[in-house]
Amino acid sequence: MFLPVGSAVRLRLPGTSSSNVVAIVGNRDRTFFAVLTADSLLIFQANPQLLLCFIRRSDEDIEEKGDNIEVFWRHDTSGICVSTSKKCLLVYRVDVDKQQCFNLREPRDVQLRRTSQELFIKENRPKVTIVLAVVVRLSSLAVCVVALREELFVCLQDGWLHRIRWNGTVEDGFSVHVSRVPFSIDQLQSRADFVSAEGCHVLDAVYSPLIGGFSVVLSDGRAALLTSPNPKFHPSELLAVWAGNMTDASCTATNHKFRLITFGCRNGDVAAYHLDETTGALVQAYRVALRVKDSPELLASVGSVAQLQWFAQGTALAAVWSAKGDKKLPIAAVFTAFGAQMWCSLEAASQREVGQTETYTSVDWGPEGYHLWLGSDRGVSIFPFVRFIGMNSPAMEHIDHVVMMGSNQIYVSPSRKLEQAASAPHGAWNMIQVPHDYLAANWPLRYCAVDAGPKTVLVAGSRGLAHFNLASNKWRLFGNESQEREMYVTGGVCLWRGFAVAACYDVDKEKDDLRFYPLSRQLDNQYCTRWFAEAQILMMNLRGDYLVTFDLDTRIYVYHLTKSMNKDFEAVDVTRCAEIRTSDLVPHPACTVSVQLTSLNHDSAAATFCPGVDTILVNVAGRLIMLSPQRQSDSSNDDEPFQLNQPMLVASYVEQVWHDLGSPAVDATNNNKPHLTQALWIQSGSRGMKVWMPLFPGRRGSMLHQDSSRSFISKRIMLPFELSMHPLVVCSRDCLALGVESVPYVPSTVRHSTSTTSDPSYNLHRNSEVFLHHILRQLLKRNLGLYALEIAGTCRHLPYFGHVLELLLHQVLEEEATSSEPIP
């Protein structure tokens, strides 16, 4: 989940004739941002937010070559391409000098010198120079340009598609007209048709190597995937696959992790498609419309989608809309991977009594998604964002705390017991500021983990790591800066029994390893336990004393962790329990969302990877796949590698899963609620929630175990239900979902003002929702009243159980009142 917090920062655009921003584009690693106006090009640094250089074209040059329209970075930040309104491409050479700029000099007066380390800018501030290198004159207007590694894919208004190198030369033999490209409904059908409409051309295009082609939007509103068996996309081997039922597309973007092709529509909707693995057709995954909770009448001013931009890790989609009618509004929103709306700027606009005069024109994500850069006709606004720590390290364990992470601080919610005594229980946060000594060289934060309680907070930035003790309010950093610089965290961090665990890459030794640092000692490699990995670890997850990792070679490893003593300090013994090769399941390592350990088979004789772990859940591009071992025969050798059962698809369109096995301290409570505590909870974005629930009465659960290692699947049922919020934590024992929303606050002095320079301030508020009545209703609809009665009996102790029954009765009566036929 991504939410804005605080107020936006507005950047000045010195030297420009107009503050109307036509485009904002970050380079590949989001360290530099190019801001384009009609006559100027400005380069900003992401952190600190400094203007490094700008170039303004002369009036004569604009008269000859036209106004600036779009800007595109080269993959290595060595060049920038700008398209103009008079059939020209301007290619600039970008020189980045390691020499620092904005160097403050100490005054001679001792009393005026800086004494605090925070007053010294330690961040990199390179000198950047822009020089016009190439001018490409085209036969028609360049409507869109796709910046590839060594060339530009240029789509002209007359329908031609050209390949132009960065030095300005045209690739001979690779130009093709859109009317000569065959279009089909899938990649297997031999018959294809051609675009015959006069004046039809490519309006927008994005290249996605993991999906296998160019996502294109035509000027008539249709959309397609331009693919080819030839990696160079030779014109004679092109094939375009239509996006079904898409006739009003306006822009496009692609998601590599979930393998989605997203289209913005002229009516304001956002639609996403995925490739059918059998036929290669584009199948619609979802189509969602913008929602405004407080003032739905503002939706009448929402025009077509102007731009879509996916976060680099594929977990969030930012969109901006054009405004229609006389009332201009700043319209922007953020969605999850499968279309659940997390934030909309119109919620703040609804608090103003006077209409806005600002409209967003472009959008891009900052480093690690902690800032949203928005261009408008009034300049550049940068919204600070926070995100849920489970985005990078999804955990299924039962937790009562919501932890959000910003670029330089951590937000930890108090326990639910303490919230009852607070005057503003849902707005109180324990804000933990990460020390400047660590952030100065390692901004921004990339990973965060907390333990039970919570007692310790562990964070990792670009290099090294640090941990914070909530009881003593003290941070621990690396005492040796060289050890911090050589440690690059690649696969996340977690906390285990008094140890900070990190999957990292040793820059000095050029090896990947798992590191275990005792929290009771200083952060130093002499106290560290290392386990060297065979490939780069991309993600890891912890369940009890077992650690699972997923590496760049698409291999899953399960390790058993035990404590030991090494001289005078504690160490960790690592034992490899299992190795699983998933190359047949995973199309690319970047498409893996999460890997988690759990136990779904409650048969004591079932085969296991290791004690207490019989299931590995792998989320591949939104498809939740269950891996389980086959039971070995009595005559088999224990040293023989185990075999897997056929992988099973549990659910599709999966963003996050929860499975609470509970701790030994609450085992008695869990045994009374086997349906809930042993259920698998699934979040599917705009498709709502699902629960994969076991169907056995708790009092007779031990009597229903079968001998088959896969029989537990037949005793589970998938139940869908809807929540009015986006859940971050599912407390299955309490039938409660916890989430966070960003509430805008507009001062009364601004509400009656026509000024557009005063942006709202956003505050984080936790919300919760009971879902027990949804479960009971779904069971009753399926004539499973026995199980509904069993579940209701185990939840009678909940303080809101009476309210649950009222909600259930209200839903039943409303359904009966609106139904045209009798409901049994």
Legend entry - I556, sole failed condition from (1) closer than 20 Å to V613 by Cα; (2) surrounded by fewer than 20 Cβ atoms within 10 Å (Cβ to Cβ): (2)
Legend entry - Output for the stretch 625-678, where each listed residue is modelled with pLDDT under 75, among the polar types (S, T, N, Q) and within 33 Å of the chain's Cα centre (by Cα): S663, N670
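Within the stretch 308-329, restricting attention to residues that are under 15 Å from C591 (Cβ atoms) and not hydrophobic (A, V, I, L, M, F, W, C), which residue is surrounded by the fewest Cβ atoms within 10 Å (Cβ to Cβ)?
Here is the first cut: in the stretch 308-329, the ones under 15 Å from C591 (Cβ atoms) are 310, 312-315.
Those left that are additionally not hydrophobic (A, V, I, L, M, F, W, C): 313-315.
Values: Q313: 18, G314: 20, T315: 23.
Filtering the stretch 308-329 for residues that are under 15 Å from C591 (Cβ atoms) and not hydrophobic (A, V, I, L, M, F, W, C), the one surrounded by the fewest Cβ atoms within 10 Å (Cβ to Cβ) comes out as Q313.
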Inset, instruction - Kindly check whether there is at least one residue in the stretch 167-182 that is part of a loop (DSSP other than H, G, I, E, B), over 18 Å from F233 (Cα atoms) and in contact with a strand residue (DSSP E or B) (Cβ under 8 Å, 6 or more places away or on another chain). - result: yes
Inset, instruction - Residue by residue through the stretch 484-515, note down the ones that are of a type in the set (A, V, I, L, M), surrounded by fewer than 21 Cβ atoms within 10 Å (Cβ to Cβ) and either without any contact (Cβ under 8 Å) to a residue 24 or more places away in the chain or within 22 Å of D437 (Cα to Cα) (or both). - result: V507
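Of the residues P384, P394, only one is surrounded by fewer than 20 Cβ atoms within 10 Å (Cβ to Cβ) and either within 13 Å of the chain's Cα centre (by Cα) or at pLDDT 95 or above (or both); which? Spell out how you get there, then give the answer.
Working: P394 fails: surrounded by fewer than 20 Cβ atoms within 10 Å (Cβ to Cβ).
Criteria check complete, one pass: P384.
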Inset, instruction - Among the residues of the stretch 765-814, write down those that are in a helix (DSSP H, G or I), in contact (Cβ under 8 Å) with a residue 40 or more places away in the chain and surrounded by fewer than 14 Cβ atoms within 10 Å (Cβ to Cβ). - result: L786
Inset, instruction - Inspect the stretch 475-497 for any residue being within 25 Å of V613 (Cα to Cα), in a strand (DSSP E or B) and either among the small types (G, A, S) or in contact with a Gly (Cβ under 7 Å, 6 or more places away or on another chain) (or both) and give the result as yes or no. - result: yes
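Looking only at strands (runs of 3 or more DSSP E) that fall completely inside the stretch 61-130, which ones have 1 or more residues that are over 32 Å from the mean Cα position of the chain (by Cα) and surrounded by 14 or more Cβ atoms within 10 Å (Cβ to Cβ)? Full working, then the answer.
Details: elements: 68-73, 79-84, 88-100.
Qualifying strands (runs of 3 or more DSSP E): 79-84, 88-100.
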Legend entry - Any chance G26 is in contact with a Phe, Trp or Tyr (Cβ under 9 Å, 6 or more places away or on another chain) and touching a residue at least 12 places away in the same chain (Cβ under 8 Å): yes
Inset, instruction - For W242, work out the one condition from (1) farther than 16 Å from G339 by Cβ; (2) among the aromatic types (F, W, Y); (3) in contact (Cβ under 8 Å) with a residue 60 or more places away in the chain it doesn't fulfil. - result: (3)
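Residues checked against (1) touching a Lys or Arg at 6+ places or on another chain (Cβ under 9 Å); (2) among the basic types (K, R):
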site: L772; (1), (2): no, no
site: K781; (1), (2): no, yes
site: G785; (1), (2): no, no
site: E790; (1), (2): yes, no
site: T794; (1), (2): yes, no
site: H797; (1), (2): no, no
site: Y800; (1), (2): no, no
site: L813; (1), (2): no, no
site: E816; (1), (2): no, no
Inset, instruction - Could you pull out the residue among S376, S413, S345 that is among the hydroxyl-bearing types (S, T, Y), modelled with pLDDT of 85 or more, farther than 27 Å from A253 by Cβ and surrounded by 20 or more Cβ atoms within 10 Å (Cβ to Cβ)? - result: S413
Inset, instruction - Would you check which residues across the stretch 132-161 are without any contact (Cβ under 8 Å) to a residue 40 or more places away in the chain and over 23 Å from S179 (Cβ atoms) and list them? - result: E150
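The values are calculated or read from the model by the stated rules, or taken from the named source; none is laboratory data. On a predicted model such as this, the values are computed, not experimentally measured, just so you know. So basically every Cβ, Gly included, is an ideal-geometry build from the backbone, and we count neighbours across all protein chains shown.
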